[in-house]
Structure formats: structure tokens, C-alpha cells
């Protein structure tokens, strides 16, 4: 097998995309999606629920649920394929971030989707990039009840 002398320079210039480029070269495909970030399964129970418990449940719990949204009792049942009260969108539309109002609220893009209110968590500081990425990946992976 002949070694490609341009590959090391291409990988260096590609930065974080280097892994995907190596995957394309190794598997001989045009697109190596399994090697990208969404390939690692994200779990509702072990990845997403702890974020919601830590950052959201204090305002969205049974008996005191702001906006009628209880994120503690049955998180998946409360958000997946459930219509938002502030928008025509579902809170979480499996596989579609642009139609997932919860994700738009967490990123501050709710107004662009015809929504209302403030970015969440309200007056508690934004979620960090890692937390948002876990929620984004979970929705992109179809929002499984796992």
C-alpha cells in the first residue's frame, strides 16, 4: 500500500476534523459519520437527566412546575413529542434540533422560532458547552428513552 505524503499535512491543517479525514481515508468512504461526535450514544438517564436535575428541576418539579412543565417525575414523557406552551413546536422533536423548542430555549434561539420568554435556565446562568452538546447529541440521535 502506497503512503499518501499529503495526509499528515492535511490532518494538521484540518485540526479537529483530522479524525474524520482519517476515517474517510481508512474506510474509503466520502462521509464517515460514525467517527464524528454524534456516534457516541448519549443516554437520557446517565447524561441528560443529571443536567436537568442539577439545572432545571428546581423550577420544573411537580407541584411548583413553572409553565406547567414537570421535568422530575417523567422527564422523557414530559418533553419528547410534547407540544410547547410557548411555541407551535414540540419541546423535543426527535432527530430535529431546529424543531426542538427546549433546545432553542437552552441556546437562546426561542424567539427566532416564534417562541417567547427568556433563555433557560432562567436567572441561573447558561448551560456550559459540554452540557449543551450532550443535549444536542441526544436530540440528534432521536431522543431515545434510555
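What percentages, rounded to whole numbers, describe P(r) for the stretch 45-126 computed over all alpha carbon pairs with 5 Å bin width beginning at zero?
3, 16, 26, 30, 20, 5, 0
Of 84, 43, how do they rank once you tally other Cβ atoms within 10 Å and put the fewest first?
Starting with the residue having the fewest Cβ neighbours, the order is 43, 84.
What does the highest-first list of 123-134, 53-64 look like by mean Cβ count within 10 Å?
Values: 123-134: 12.8, 53-64: 14.9.
Top to bottom by mean Cβ count within 10 Å: 53-64, 123-134.
Coordinate-derived values only; no laboratory data. All figures in this text were calculated on a predicted structure; none of them were measured in a lab. Cβ sites come from the backbone with ideal geometry, for glycine too, and all protein chains shown count toward neighbours.
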